[in-house]
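Beneath this line is the structure, given in structure tokens, with notes to follow.
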């Protein structure tokens with residue numbers, strides 16, 4: 001069995017890292033990640049009721065306690081994994097599904113606005 005030293009920021013755990021139980025919603029939203037009193041710009045890449053993946057210019061320290069802010073969303077959590085500029089946050093308290101739906105709607109609007117500014121094609125759905 002392999003060891004996984006980054007899981008939960010504890011001592012190495014034997015065997016593969018456990019799989020997440022909840023599905024994640026893919027996003028592309030600007031966010032802020034605060035740790036030790038300093039907020040860093042980030043991009044929220046995915047979100048579930050139990051956690052999130054963020055991209056930051058600098059690596060976030062494994063085991064660090066952080067606050068994620070994105071739009072009206074604010075959650076505290078712990079960095080439980082990291083790879084290059086991506087980090088996984090496990091929330092201390094779960095999100096409500098409505099919070100995820102609101103962030104998904106915001107992300108879709110951000111992507112649409114970016115396409116419009118770039119002169120890209122935005123499909124119109126007629127019913």
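The values are calculated or read from the model by the stated rules, or taken from the named source; none is laboratory data. The model shown is predicted, which means the values in this text are computed figures rather than measured ones. For neighbour counting, all protein chains shown are included, and Cβ atoms are generated from backbone atoms with ideal geometry for every residue, glycine included.
Are there any strands (runs of 3 or more DSSP E) wholly within the range 45-117 with 2 or more residues that are more than 14 Å from residue 27 (Cβ to Cβ), and if so which?
Where strands (runs of 3 or more DSSP E) fall fully within the range 45-117 and carry at least 2 residues being more than 14 Å from residue 27 (Cβ to Cβ), they are 65-70, 73-83, 86-91.
Residues to consider are 62, 102; find the one that is touching a residue at least 12 places away in the same chain (Cβ under 8 Å), surrounded by 12 or more Cβ atoms within 10 Å (Cβ to Cβ) and touching a helix residue (DSSP H, G or I) at 6+ places or on another chain (Cβ under 7 Å).
62
Can you tell me how many residues within the range 81-93 are more than 12 Å from the chain's Cα centre (by Cα) and modelled with pLDDT of 95 or more?
Summing the residues that are more than 12 Å from the chain's Cα centre (by Cα) and modelled with pLDDT of 95 or more in the range 81-93 gives 2.
Identify all residues within the range 14-42 that are in a loop (DSSP other than H, G, I, E, B) and at pLDDT 85 or above; write none if there are none.
Taking the range 14-42 first, the residues in a loop (DSSP other than H, G, I, E, B) are 15-24, 36-37.
Hits for the range 14-42 are 36, 37.
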